[in-house]
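Here, each number is a calculation from the coordinates, and none is a lab measurement. Bear in mind that the values here come from a model prediction, so they are computed numbers and not experimental data. Here Cβ is always computed from backbone atoms with ideal geometry, including for glycine, and neighbour counts include all displayed protein chains.
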Amino acid sequence: MFDLAGKIAIVTGGSRGIGRATSIALAQAGALVLVNYRSNEDAARETVRLIEDAGGKAEFVAFDVADPDSVDRSIKEALARHGQIDILVNNAGISIDQLLLRVSAKDLEMTWATNVNGAVYCAKACIRPMMKKRWGRIINLSSVVAESGNAGQAVYSASKAALLGLTRSLAREYASRGITVNAVAPGFIETDMTADLPPAAMQGIVDQTPLGRIGRPEEVAAAVVFLASEEAGYITGQVVRVNGGMHV
Ligand code: NAP
């Protein structure tokens with residue numbers, strides 16, 4: 001439907017879950033996709049295989065988004081290979097769910113380092129070539145809980161709310177350079193991240209969701225592809241909510 005032929009995209013955390021579905025969907029639209037992962041090389045290879053088997057183009061690239069030197073080096077190497085990065089999807093994220101009284105300094109630091117710092121490092125590494133080309137798309141994966149809050153997810157939801165501030169500020173900072181910056185805020189989506197939720201908690205989520213089910217990674221990926229497209233060129237600084245009506 002949307003044509004991304006000739007575009008180079010990087011999806012952080014593209015090895016699994018929403019990142020994998022997004023990598024596949026961007027490749028289906030014609031982009032060459034750099035599938036980033038941190039440690040699960042088998043899963044990243046599988047994402048690349050799924051894309052190539054469907055006739056798309058992809059390669060995997062390992063780096064920890066929380067390590068600024070590694071981000072910088074890997075993105076420079078990717079730029080040297082491909083000449084450009086047109087689309088950055090800041091998808092890599094972790095969730096360490098704890099009540100406030102159990103949150104450790106390490107949990108806080110790890111969550112922030114991956115979810116917030118990682119998005120800043122990747123945007124910083126990609127922005128200059130996008131500015132030169134006067135075209136770019138940055139899409140940050142936030143969450144429904146950034147806006148609704150959730151007991152047991154204070155640190156995670158704060159990190160996802162930080163991404164909304166980042167999105168709105170970068171949108172203003174780079175609009176004049178032809179770069180749009182938007183967020184996608186999923187509700188509860190069927191991935192490894194939600195796989196360990198106890199059945200009662202899952203039922204509670206379904207009961208709070210007007211569409212009566214949790215979401216599929218492909219349903220989030222579709223919103224990312226739209227925001228990456230030429231057709232979304234007049235949308236910037238926005239939050240696209242893919243949450244089954246859980247938060248309206
Ligand atoms: P997931 O299944 O747990 O996958 C997480 C992905 O992030 C993996 O590919 C993982 O790589 C990668 N990753 C984690 N830390 C990284 C790091 N430091 N550097 C590079 N890659 C890293 O997660 P998901 O459910 O697909 O979630 C994807 C995004 O959507 C996250 O930002 C999450 O917060 C957000 N989100 C998810 C939901 C949901 O219900 N699932 C709801 C709202 C928002 P490895 O494979 O190498 O470990």
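Sort through VAL220, VAL181, VAL239 and tell me the only one that's more than 10 Å from the ligand (Cβ to nearest atom), touching a residue at least 40 places away in the same chain (Cβ under 8 Å) and surrounded by 20 or more Cβ atoms within 10 Å (Cβ to Cβ).
On the way: VAL220 fails: more than 10 Å from the ligand (Cβ to nearest atom); VAL239 fails: surrounded by 20 or more Cβ atoms within 10 Å (Cβ to Cβ).
Result: VAL181 is the single residue among VAL220, VAL181, VAL239 that is more than 10 Å from the ligand (Cβ to nearest atom), touching a residue at least 40 places away in the same chain (Cβ under 8 Å) and surrounded by 20 or more Cβ atoms within 10 Å (Cβ to Cβ).
Which condition number in (1) within 22 Å of ALA183 (Cα to Cα); (2) surrounded by fewer than 16 Cβ atoms within 10 Å (Cβ to Cβ) is the one that VAL120 fails?
(2)
Confirm whether ALA175 is in contact (Cβ under 8 Å) with a residue 60 or more places away in the chain and not in a loop (DSSP other than H, G, I, E, B).
On the way: in contact (Cβ under 8 Å) with a residue 60 or more places away in the chain: yes; not in a loop (DSSP other than H, G, I, E, B): yes.
Yes; evaluated as a whole, the condition is true for this residue.
Taking the residues in segment 48-58 that are of a type outside the set (A, V, I, L, M, F, W, C) and in a loop (DSSP other than H, G, I, E, B) as candidates, determine which candidate is farthest from the ligand (Cβ to nearest atom). Reasoning before the result, please.
Residues of segment 48-58 of a type outside the set (A, V, I, L, M, F, W, C): 49, 52-53, 55-57.
This time we only want the ones that are in a loop (DSSP other than H, G, I, E, B), so: 55-56.
Numbers: GLY55: 23, GLY56: 18 Å.
Residue satisfying both the conditions and the ranking: GLY55.
Take SER70 and decide whether it is within 8 Å of the ligand (Cβ to nearest atom), closer than 21 Å to ALA119 by Cβ, surrounded by fewer than 18 Cβ atoms within 10 Å (Cβ to Cβ) and small (Gly, Ala, Ser). Can you show your working first?
On the way: within 8 Å of the ligand (Cβ to nearest atom): no; closer than 21 Å to ALA119 by Cβ: yes; surrounded by fewer than 18 Cβ atoms within 10 Å (Cβ to Cβ): yes; small (Gly, Ala, Ser): yes.
In short, no.
Take the residues of segment 202-248 that are among the β-branched types (Val, Ile, Thr), within 20 Å of the chain's Cα centre (by Cα) and not in a helix (DSSP H, G or I): which is farthest from ALA171 (Cα to Cα)?
Our first condition is that a residue be among the β-branched types (Val, Ile, Thr); within segment 202-248, this holds for 205-206, 209, 214, 220, 224-225, 235-236, 239-240, 242, 248.
When the remaining residues are screened for being within 20 Å of the chain's Cα centre (by Cα), the result is 214, 220, 224-225, 235-236, 239-240, 242.
Next, only the ones that are not in a helix (DSSP H, G or I) stay: 214, 235-236, 239-240, 242.
Numbers: ILE214: 30, ILE235: 10, THR236: 6, VAL239: 11, VAL240: 14, VAL242: 20 Å.
So the residue we want is ILE214.
This table checks each residue for (1) more than 15 Å from the ligand (Cβ to nearest atom); (2) buried (at least 19 other Cβ atoms within 10 Å of the Cβ); (3) over 24 Å from ILE96 (Cα atoms).
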| residue | (1), (2), (3) |
| --- | --- |
| GLN153 | no, yes, no |
| ARG177 | yes, no, yes |
| ALA185 | no, yes, no |
| GLU190 | no, no, no |
| ALA200 | yes, no, no |
| VAL206 | no, no, no |
| THR209 | no, yes, no |
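Scan segment 2-28 for residues that are in a strand (DSSP E or B), within 16 Å of the ligand (Cβ to nearest atom) and more than 20 Å from ALA113 (Cα to Cα) and jot them down. Walk me through it before giving the result.
Here is the first cut: in segment 2-28, the ones in a strand (DSSP E or B) are 8-11.
Filter once more, so that each one left must be within 16 Å of the ligand (Cβ to nearest atom): 9-11.
Within segment 2-28, just ALA9 meets the criteria.
Answer with yes or no whether GLU230 is charged (D, E, K, R) and within 12 Å of the ligand (Cβ to nearest atom).
No, not satisfied.
Table: residues versus (1) more than 21 Å from TYR121 (Cβ to Cβ); (2) part of a helix (DSSP H, G or I); (3) out of contact with any His (no Cβ under 9 Å at 6 or more places or on another chain); (4) not aromatic (Phe, Trp, Tyr).
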position	(1), (2), (3), (4)
GLY30	yes, no, yes, yes
SER39	no, no, yes, yes
ASP42	yes, yes, yes, yes
GLU46	yes, yes, yes, yes
PHE60	no, no, yes, no
SER74	no, yes, yes, yes
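One line per residue, one yes/no per condition, for (1) under 17 Å from ALA171 (Cβ atoms); (2) within 11 Å of the ligand (Cβ to nearest atom); (3) not in a helix (DSSP H, G or I):
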| residue | (1), (2), (3) |
| --- | --- |
| ASN117 | no, yes, no |
| VAL120 | yes, no, no |
| CYS126 | yes, no, no |
| LYS132 | no, no, no |
| ARG137 | yes, no, yes |
| ASN140 | yes, yes, yes |
| ALA146 | yes, yes, no |
| ASN150 | no, yes, yes |
| ALA158 | no, no, no |
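Any residue at all in segment 100-115 that's over 23 Å from LEU164 (Cα atoms) and in contact with a Leu (Cβ under 8 Å, 6 or more places away or on another chain)?
No, every residue in segment 100-115 fails to be over 23 Å from LEU164 (Cα atoms) and in contact with a Leu (Cβ under 8 Å, 6 or more places away or on another chain).
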